[in-house]
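Below you'll find the structure, written out as structure tokens, and then a few comments.
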């Protein structure tokens, strides 16, 4: 069995002085709801998605390709983390994605928050939504990207709080889990990732935390590496050290 753990800190520089954790209040964590205008999905496609139709192997999952223009306000489960600097909103019914990370000091969203759920045909099963931080394993825009996943939350003895989300991919029988921790007196959200292969076989995978940001005119990507694997051939290489590349929008 193969177990891999990756710890990633998503540091948000807010330009504020951090209070010592011993002096800061405990981080709040609670479950509630959130209402979001949603363009509804039609029923799942009852026909098996064989490779001749879909190049990706998603069986035994169904295809989610019936996108409608019917708009309703839907209520979703939400788990919240909040300290004096940040408030995070996690949606267990949407892949456990970080729907919002709000900077309370600057009064702004850290990532792109999509205030309407409108599906596009991007995911492995079809339907996909933009915004926040999407978790992907063992492939990109994965089979549960707009589906419910397991979730739990807890308050920790040091005053921090953690929300855990995860699922088992039914195609590969591999498991992923993300623990999101917010600590007292700090302005960043910690992300701890566990990827687990319980089968006796070695399997290919990739992990991708897909974060969305608004594409504004002054947006820049600053790369610390020399090579990149882009989605399109228009950007064959990342800029070299000390160089930047402006967003194309």
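Can you find even one residue in the range 105-113 that is surrounded by 17 or more Cβ atoms within 10 Å (Cβ to Cβ), assigned by TED's automatic domain parsing to the domain that holds residue 209 and not in a loop (DSSP other than H, G, I, E, B)? No, there is no match, as no residue in the range 105-113 is surrounded by 17 or more Cβ atoms within 10 Å (Cβ to Cβ), assigned by TED's automatic domain parsing to the domain that holds residue 209 and not in a loop (DSSP other than H, G, I, E, B).
The residues of the range 88-104 that are without any contact (Cβ under 8 Å) to a residue 24 or more places away in the chain and in a strand (DSSP E or B) amount to a single one, 102.
Among the conditions (1) part of a strand (DSSP E or B); (2) over 27 Å from residue 208 (Cβ atoms), the only one that residue 43 does not satisfy is (1). When residues in the range 142-161 are screened for being buried (at least 20 other Cβ atoms within 10 Å of the Cβ) and in contact with a strand residue (DSSP E or B) (Cβ under 7 Å, 6 or more places away or on another chain), 7 of them pass. Checked against the criterion of being out of contact with any helix residue (DSSP H, G or I) (no Cβ under 7 Å at 6 or more places or on another chain), in contact (Cβ under 8 Å) with a residue 12 or more places away in the chain and farther than 15 Å from residue 210 by Cβ, the candidates 170, 107 yield just one match: 170. On inspection, residue 48 qualifies as over 22 Å from residue 118 (Cα atoms), without any contact (Cβ under 8 Å) to a residue 40 or more places away in the chain and surrounded by fewer than 14 Cβ atoms within 10 Å (Cβ to Cβ). For the range 46-87, a tally of residues being in a loop (DSSP other than H, G, I, E, B) and farther than 26 Å from residue 168 by Cβ returns 4. Residue count for the range 60-103 under the criterion of being over 17 Å from residue 118 (Cα atoms) and loosely packed, with under 14 Cβ neighbours inside 10 Å: the result is 1.
Determine if the range 182-189 includes at least one residue that is farther than 20 Å from residue 106 by Cβ and in contact (Cβ under 8 Å) with a residue 12 or more places away in the chain. The answer is no, given that none of the residues of the range 182-189 is farther than 20 Å from residue 106 by Cβ and in contact (Cβ under 8 Å) with a residue 12 or more places away in the chain. Quick check, is residue 36 within 20 Å of the chain's Cα centre (by Cα) and either at pLDDT below 95 or closer than 26 Å to residue 154 by Cα (or both)? Criteria met by residue 36. Considering each residue of the range 12-28 in turn, at least one proves to be assigned to a strand (DSSP E or B), surrounded by fewer than 16 Cβ atoms within 10 Å (Cβ to Cβ) and either within 17 Å of the chain's Cα centre (by Cα) or at pLDDT 95 or above (or both).
The values are calculated or read from the model by the stated rules, or taken from the named source; none is laboratory data. Note that the coordinates shown come from a computational prediction; the quantities given were computed from them, not determined experimentally. We place every Cβ from the backbone using ideal geometry, glycine too, and count neighbours over all the protein chains shown.
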